[in-house]
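The values are calculated or read from the model by the stated rules, or taken from the named source; none is laboratory data. What you are looking at is a predicted structure, and each value in this text was computed from that prediction instead of being measured. All Cβ positions, glycine included, derive from the backbone under ideal geometry; neighbour counts span all protein chains shown.
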Amino acid sequence: MSKLKSTLGVVAIAFITLTAVSCKDANKNEAPTPMVNQMHQETMTDSEAMAINSSQDSKAEVILKDYFNLKNALVGDDNAKAKDLGMALTQSLKSFDVSSYSDTKQSELKNIIIDATEHAEHISESDIAHQREHFKILSKDITDMVAITGTNKKLYEQFCPMYDGGSAWLSMEEDIKNPYYGSQMLNCGKVQREIN
């Protein structure tokens, strides 16, 4: 029996070491790939981020603000706050007006908004593990939305190779703060590309 415990202990240590090394390798500084000609090429400071560029849809910026607040709640392992912010994001998604976009873009945006709203609603009703599952798909929806609407902020698409076969999210900071693992593996991930 003690031989079994020793073997299990060694396996557990090996797994933890492998996980830490895998995550550390993913953190190696690779030059982020800039996204060309798909976004506005304007960079803003945090204080300027509150001022909405007249060519931008202020409702899209509100959605981004709510998304980043939700991401930060998940980084902080705060289930209750994430529920409240999921509801706030649901409301900002529902109030998004697509009428200023071309017919094709309107159709794409409507589909993105419907899907994102469903995931934000689930986040507002779930435990933190389930919130993180929905946040993965929500992050893809928000990234797709930004590809159409643009943004007046410099964003970073970040990637964690460990969560669910690899998962991305958006951040306003280059430093990695992982919303999928929170305090368990806070800095697991890397910047995949810059969006500006």
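Some notes on this structure:
For every residue, the table says whether it meets (1) hydroxyl-bearing (Ser, Thr, Tyr); (2) at negative phi; (3) at pLDDT below 95; (4) under 16 Å from the mean Cα position of the chain (by Cα).
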position	(1), (2), (3), (4)
ALA120	no, yes, no, yes
GLU125	no, yes, no, no
HIS134	no, yes, no, yes
LEU138	no, yes, no, yes
CYS160	no, yes, no, yes
SER171	yes, yes, no, yes
ILE176	no, yes, no, yes
PRO179	no, yes, no, yes
LYS190	no, yes, no, yes
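- Filter result for the condition that a residue is touching a Lys or Arg at 6+ places or on another chain (Cβ under 6 Å), surrounded by 15 or more Cβ atoms within 10 Å (Cβ to Cβ) and at pLDDT below 95, over ASN196, ASN152: ASN196
- Verdict on ILE63 being surrounded by fewer than 20 Cβ atoms within 10 Å (Cβ to Cβ), within 22 Å of GLN158 (Cα to Cα) and in contact with a helix residue (DSSP H, G or I) (Cβ under 7 Å, 6 or more places away or on another chain): no
- Candidates ASP175, ASP115, ASP144 - the one that is in a loop (DSSP other than H, G, I, E, B) and without any contact (Cβ under 8 Å) to a residue 40 or more places away in the chain: ASP175
- Qualifying positions in region 158-172 - in contact (Cβ under 8 Å) with a residue 40 or more places away in the chain, within 30 Å of SER99 (Cβ to Cβ) and part of a strand (DSSP E or B): TRP169, LEU170, SER171
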